[in-house]
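To start, the structure itself, in structure tokens.
The values are calculated or read from the model by the stated rules, or taken from the named source; none is laboratory data. The structure displayed is predicted, hence computed values, not measured ones. Note: ideal-geometry Cβ built from the backbone for every residue, glycine included; neighbour counts use all protein chains shown. The accessibility values were calculated without ligands, DNA or RNA, using every heavy atom of the protein model including side chains. Shrake-Rupley method; radii C 1.70, N 1.55, O 1.52, S 1.80 Å.
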Amino acid sequence: MARPYQDNVASQVPPSQDTAAGPIIRTIHLSDLHQALRLGWEDFKSVPSHAIILCVIYPLLGLVLARTVFGYAVLPLLFPLAAGFALLGPFAALGLYELSSRRERGEEPSAWDALEVLRSPSFGAMLGLGTLLLALFVTWVATAQAIYITVFGYEGASSASDFVQRVLTTPQGWWLIIVGCGVGFLFALLALCISVVSFPMMLDRHASAGEAMVTSLRVVAKNPVMIAAWGLIVAALLVVGSLPFFLGLAVVLPLLGHATWHLYRAVVAVDPNARPIPPRPPRERRPAADFPANLFPWRRRD
């Protein structure tokens with residue numbers, strides 16, 4: 001069923017003074033967060049197969065990490081790696097925004113429609129911001145490792161129980177928890193501020209990465225309490241989804257991805273000057289017999 005939103009796309013008319021300053025930001029409340037999660041769950045139930053296509057990498061990564069931990073060498077990094085999903089999640093959910101957008105327009109999308117995001121005119125901007133989030137993730141993991149080495153040195157834990165005992169029963173372990181969570185919070189806060197609505201906006205309005213990040217910062221500035229509450233909801237759901245062995249992320253990540261789209265719709269007002277851009281032509285179907293020639297379409301003859 002189509003929802004009472006209008007599609008926001010790149011405007012084809014000269015912007016007014018109001019729109020030139022950026023999109024209008026609404027004030028949201030807890031009811032809007034609940035509504036975003038509810039609509040996100042409806043989207044997930046409508047197209048559940050996309051969890052396998054878009055999110056299977058997360059449970060697999062979790063299982064690989066769990067297996068690696070048996071060597072105890074990267075055990076201290078297990079929590080930072082799991083927490084890092086919150087940094088990369090907005091970029092990983094690109095296809096989910098596409099599916100929610102299509103359902104919003106009254107279409108009946110399939111899981112494969114999520115790949116249409118690759119044909120978006122703003123995909124380059126999305127990739128650029130995604131690279132920034134990846135760099136933030138790598139920096140966070142390196143910082144977490146440096147904090148652990150500062151506390152316990154380079155000597156690794158002899159077993160999982162030894163690591164748990166170090167962290168939970170020693171003053172150094174408690175210091176590690178406090179400092180590590182504090183620094184991790186700063187990384188998560190930075191990622192949330194620059195990406196809370198950035199990717200949905202780039203998909204919807206074909207905005208540049210800079211415009212999208214500025215809009216996200218404006219959203220946070222106008223709704224600091226509600227965005228903080230949203231960040232806590234995301235963190236809590238990611239913790240729940242990480243059990244057992246990150247398998248729950250196959251449900252949690254699609255839910256959060258769809259809900260983020262509806263949060264964007266709730267907090268960013270519709271562009272009154274937007275004109276619909278003609279839909280992209282359907283992708284040409286080519287027989288398998290043409291492979292590998294169809295990889296080089298510019299060399300095909302009529």
Practice prompt. Run the accessible area of region 169-265 with a 1.4 Å probe and give the carbon-and-sulfur part as a rounded percent.
Written response: 84 percent
Discussion item. If I model a spin label at ILE149 and PHE79 as a point 7 Å from the Cα along the Cα→Cβ vector, what separation in nanometres do I get?
Written reply: 1.9 nm
Worksheet entry | Neighbourhood net charge (14 Å Cβ-Cβ; Lys/Arg +1, Asp/Glu -1) for VAL214 | +2
Worksheet item: Using 20 Å as the cut-off for backbone N distance, which residues of region 90-105 belong to the label zone defined by a point 7 Å from the Cα of PHE123 along Cα→Cβ?
Response: 90-103
Worksheet item: Put +1 on the Cβ of every Lys and Arg and -1 on every Asp and Glu Cβ in region 97-179; which of THR139, GLN172, ALA125 then has its Cα farthest towards the positive end of the dipole?
Response: GLN172
Worksheet, complete the sentence: Rounded to the nearest 10 Å², the 1.4 Å probe accessible area of PHE137 is 40 Å²
Discussion item. On a full-extension model of 0.36 nm per residue, what is the gain between THR27 and TRP41, subtracting their alpha-carbon distance, rounded to one decimal in nm?
Written reply: 2.7 nm
Worksheet entry | Positive minus negative residues near ILE233 (Lys, Arg vs Asp, Glu; Cβ under 14 Å) | 0
Discussion item. What does the extension gain come out to for VAL138 and GLN165, with contour length at 0.36 nm per residue minus their alpha carbon separation?
Written reply: 7.0 nm
